[in-house]
Structures are given as C-alpha cells and as structure tokens.
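**Student:** Sharing a structure with you now.
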Amino acid sequence: MKPTKLLLTIIMVLLVVNTAQAVGISPAITEIIAGEEQTIRMRIFNEDQTQKTVTLELSGELKEYLQLSTEKIEFAQGQRHQEITLTIKQILIENFQPDKYVNRVVVKQETVTESSNIARVGVSSRIIIVVPGDGPNLEGELFVPNFVSQRTNTFSLDVKNTGNSQALNCVGVLRIYSSLNERVATIVTDPVTIKELSSERIPITWEPYVNPGRYVATANINCDNANANMSNSFHVGSPEIVVDDIFSDNFRLGQISQLKLVTTSLWADTIPGVFAQVDLEREGETLTSYTTAPRQFRPQETQVFDMFLNTENVDRGTYDLFVRINYLDKETETKYVAQLERDSINLEQITGRVVGQTGTQETRDSTLSIIILVGLLLVGTNAFLVYHLVIKKRKDK
C-alpha cells in the first residue's frame with residue numbers, strides 16, 4: 001500500500017470512530033406488542049454539538065409497518081438534540097407466526113468531501129415487535145440488588161405475558177446457590193394471575209445469613225397453563241482478606257529474618273492474584289521492604305505468606321511496620337508498632353483499613369505493557385510517515 005493511501009486509510013478509520021461518538025439515539029431498545037397503531041417518541045443526539053446533517057433509515061422484517069416523521073435532520077451549531085416520532089402501523093397478528101420481529105432505526109451522518117457525499121453509519125435503535133401466540137406466553141427477567149449480610153433486600157421477578165389469554169395461579173420459586181453450587185435458600189411466592197398482553201412484578205425479600213461472596217439465583221414461574229425460567233448472579237458484601245496474625249520464630253537483628261503473615265479470605269468465591277507487601281519505616285522513611293509473589297485464595301481459605309525482612313542496617317528501637325494486602329481492585333493496610341531487639345520483634349497493631357483501589361500486580365504490569373506498546377506503535381507510525389512523505393520525496397527530487 002502506498003504511503004498516501006495508508007495515511008488516508010488511517011484518517012478514515014479515525015473519522016468513523018469519531019462519527020460513532022458524535023451521534024446518538026434514545027431509546028436504544030423498544031419492545032411493543034403487535035396490534036393497533038402505536039406511536040413512540042425518539043430523541044436524536046448531536047453529541048459534539050457541531051453543524052451536521054443526519055439521515056434516518058429503517059431496516060428489519062416488519063419495516064414496511066414502520067413510519068418515521070422525518071428521514072433527515074439538520075443540526076445547527078450548538079444544538080444538542082431533536083425529537084422525532086416513529087409510528088408502528090396496525091398489524092394483523094393472524095397474518096404472522098408468533099415471534100419477536102427485530103427492526104432498527106439507523107442513524108447516519110453525512111460528511112461532505114471535495115468529490116462526493118459520504119454517509120457513514122453511526123448508531124441504531126432496536127424496535128422489537130412481538131406477535132403473540134394463542135394462549136398465555138410468559139417471558140421473565142430476574143433483577144437482583146446489592147446484598148449485605150444480615151440485611152433484608154428484595155429480588156424482583158418481572159414477568160410479561162405476551163399471549164392472548166391469562167396465565168392462571170402463577171407461583172414463583174426462587175432458589176439461591178453458592179459459587180460451589182450449594183443451595184442456601186428456597187423462597188416460594190403467593191399465586192398471582194397475569195393478564196394477557198400485560199406484565200406483573202413479583203417482589204421477593206431475602207435476608208442473607210451467608211458468607212460474603214458470589215451467588216446465583218434461579219427463578220421458576222409455574223402457572224396452571226404456562227411457565228417461565230430465569231436466573232441471575234449477584235454478590236453479598238464485597239471481597240475481603242484479613243490479617244489474622246504476624247509473627248517470627250527466628251528473628252535476628254542485623255540479618256534477613258522471616259516473618260509469618262497469616263491471612264484469611266472471608267469471600268465465598270475464589271480470589272486470584274493476591275500478594276502482600278511489608279514495609280519497615282521510621283519517621284516516614286522506608287528502611288526495608290518485601291513483596292510476595294501473587295497467589296490464589298479459595299473460598300474462606302487461610303494461607304500463610306512468608307515475608308523476609310532485611311535488618312542488616314537497622315538498629316534496635318521502635319519502628320512502624322506496614323502490612324499491605326493487594327487483591328482484585330483493593331489494597332488493605334494494617335499498621336503495627338514494631339519493637340526491634342537483638343533477637344526478638346514485638347508487634348502491636350495500631351490500625352487496619354482499605355487504603356485504595358489499586359488492582360492486582362498482574363493488572364498493573366499488563367496496563368504498563370499496553371501503554372508501552374501503544375507508545376512504540378505511535379512512534380513507529382510517525383517515523384514511517386515522515387520518511388515516506390518528506391525524506392523519500394526529497395530524495396526522489
């Protein structure tokens with residue numbers, strides 16, 4: 001590929017990416033039941049608020065039943081959005097198989113060049129038209145909140161009947177499982193009737209007396225003449241690894257001594273990439289430091305980290321000892337007052353707290369690698385373009 005064509009390709013890619021961010025449409029998804037004529041309002045966004053022309057197109061299996069109030073919008077400088085309407089015409093459901101028919105309102109932005117007009121796809125909104133079948137037809141979605149141990153919160157079973165008759169005596173059964181697939185709770189709701197072409201929200205309260213961790217909830221809606229199944233995962237509390245103890249069996253001042261750091265995961269799921277760091281400080285100056293290799297904790301597992309403290313240039317006295325545990329997006333810090341003697345170390349815990357959102361050691365290394373790679377790529381691209389567009393051109397002359 002010639003340098004000029006390569007440069008134009010790069011510019012076009014950047015323009016396409018910018019276009020996708022410059023226009024928008026709301027709502028992103030609309031689901032309606034086929035039948036009588038309906039009209040919905042939509043909003044087209046001019047994200048960068050520049051002067052532009054936006055075109056609208058329809059696509060999908062039932063696009064002939066859709067009608068836009070306009071097919072072109074002119075945005076003035078500084079204009080944030082404009083509203084349009086979409087009309088869904090009357091649909092005789094007996095002419096279609098029961099199903100969900102997906103259609104789209106596609107937003108395109110026109111870009112004027114010296115040679116021609118180019119229309120580029122920006123974003124689209126999905127219009128889902130549901131053609132109901134005979135009898136009840138249930139669809140459900142399970143919404144889960146953030147749970148805290150021993151505090152009541154509420155699940156929500158949202159059930160939609162897209163059929164043409166009622167769903168009778170519908171009973172919800174919610175089962176909760178741990179990450180090890182152990183059932184920890186079963187809750188049964190009172191029966192309800194869900195009318196045709198309507199929705200029902202069924203609340204289910206739960207007070208979790210379980211360990212913090214990841215759980216899975218499954219829900220079954222069983223009616224006399226229909227049923228639906230749904231599931232979702234959620235968390236109780238947040239991941240936590242605590243320091244149980246820190247001690248040394250063979251401490252000797254003036255040499256490298258081993259500390260034993262006893263830690264326990266309070267999380268009911270696996271935590272990868274856990275590593276610990278110990279720092280010995282006096283008046284804010286770090287005298288010696290040690291960081292362990294990362295390891296994995298199984299649910300509620302206790303592990304011992306071997307920490308090594310180099311005290312070759314450290315005198316007897318009182319110091320600050322900081323123990324930091326890094327896992328997932330957390331860093332917890334425990335501070336001790338350390339009394340160092342010739343053949344002993346006495347530790348008294350002062351504080352323990354979450355000090356920041358840091359990420360794992362592997363995550364930080366990966367992020368740094370990506371930054372370096374992107375930097376090298378940009379430098380190489382610039383050098384390539386300068387050589388072909390400037391230096392080589394001079395040589396050719």
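The values are calculated or read from the model by the stated rules, or taken from the named source; none is laboratory data. Given the structure is predicted, the values throughout are model-derived calculations rather than measurements. Positions of Cβ are backbone-derived with ideal geometry, glycine not excepted, and every protein chain shown enters the neighbour counts.
**Student:** All but one of (1) out of contact with any strand residue (DSSP E or B) (no Cβ under 9 Å at 6 or more places or on another chain); (2) outside any loop (DSSP other than H, G, I, E, B) hold for Pro203, so report the exception by its number.
**Tutor:** For Pro203, the failing item is (1).
**Student:** Identify, from the list Arg175, Arg126, the residue that is in the same structural domain as Leu58 (by TED's automatic domain parsing) and among the basic types (Lys, Arg).
**Tutor:** Just one listed residue meets the conditions, Arg126.
**Student:** Same structure, new question: Just give me the residues in the range 244-264 being among the basic types (Lys, Arg) and in contact with a strand residue (DSSP E or B) (Cβ under 6 Å, 6 or more places away or on another chain), in sequence order.
**Tutor:** Lys260
**Student:** Further question on the same structure: Among (1) acidic (Asp, Glu); (2) modelled with pLDDT of 90 or more; (3) surrounded by 12 or more Cβ atoms within 10 Å (Cβ to Cβ), where does Glu74 come up short?
**Tutor:** (3)
**Student:** Going by the conditions given, is Ser238 surrounded by fewer than 17 Cβ atoms within 10 Å (Cβ to Cβ) and modelled with pLDDT under 95?
**Tutor:** yes
**Student:** Return the only residue of Gln82, Gln49 being surrounded by 15 or more Cβ atoms within 10 Å (Cβ to Cβ) and outside any loop (DSSP other than H, G, I, E, B).
**Tutor:** After applying the criteria, what remains is Gln82.
**Student:** Also: Which condition does Arg104 not pass, out of (1) among the charged types (D, E, K, R); (2) farther than 22 Å from Leu197 by Cβ; (3) free of Cβ contacts under 8 Å to residues at least 40 places away in the same chain, if it passes all the others?
**Tutor:** Evaluating Arg104 over (1) among the charged types (D, E, K, R); (2) farther than 22 Å from Leu197 by Cβ; (3) free of Cβ contacts under 8 Å to residues at least 40 places away in the same chain leaves (3) as the failure.
**Student:** Identify, from the list Ala226, Ala185, the residue that is surrounded by 15 or more Cβ atoms within 10 Å (Cβ to Cβ), within 30 Å of Pro136 (Cα to Cα) and out of contact with any Pro (no Cβ under 6 Å at 6 or more places or on another chain).
**Tutor:** Ala185
**Student:** If Ala185 passes every condition in (1) free of Cβ contacts under 8 Å to residues at least 40 places away in the same chain; (2) in contact with a Ser or Thr (Cβ under 8 Å, 6 or more places away or on another chain) but one, which one does it miss?
**Tutor:** (2)
**Student:** While we're on this one: Quick check, is Met307 crowded, with 16+ Cβ neighbours inside 10 Å and within 30 Å of Lys160 (Cα to Cα)?
**Tutor:** no
**Student:** Kindly check whether there is at least one residue in the range 356-376 that is modelled with pLDDT of 90 or more and either outside the structural domain of Asp245 (by TED's automatic domain parsing) or of a type in the set (Lys, Arg) (or both).
**Tutor:** No, the range 356-376 has no match at all.
**Student:** Name every residue in the range 149-175 that is more than 9 Å from Ile194 (Cα to Cα), touching a Lys or Arg at 6+ places or on another chain (Cβ under 8 Å) and at pLDDT below 95, in order of residue number.
**Tutor:** If the condition is that a residue be more than 9 Å from Ile194 (Cα to Cα), touching a Lys or Arg at 6+ places or on another chain (Cβ under 8 Å) and at pLDDT below 95, then Ser156, Leu157, Asp158 are the ones that fit.
**Student:** Suppose we filter the range 267-296 for residues that are surrounded by 18 or more Cβ atoms within 10 Å (Cβ to Cβ) and under 24 Å from the mean Cα position of the chain (by Cα); how many remain?
**Tutor:** 5
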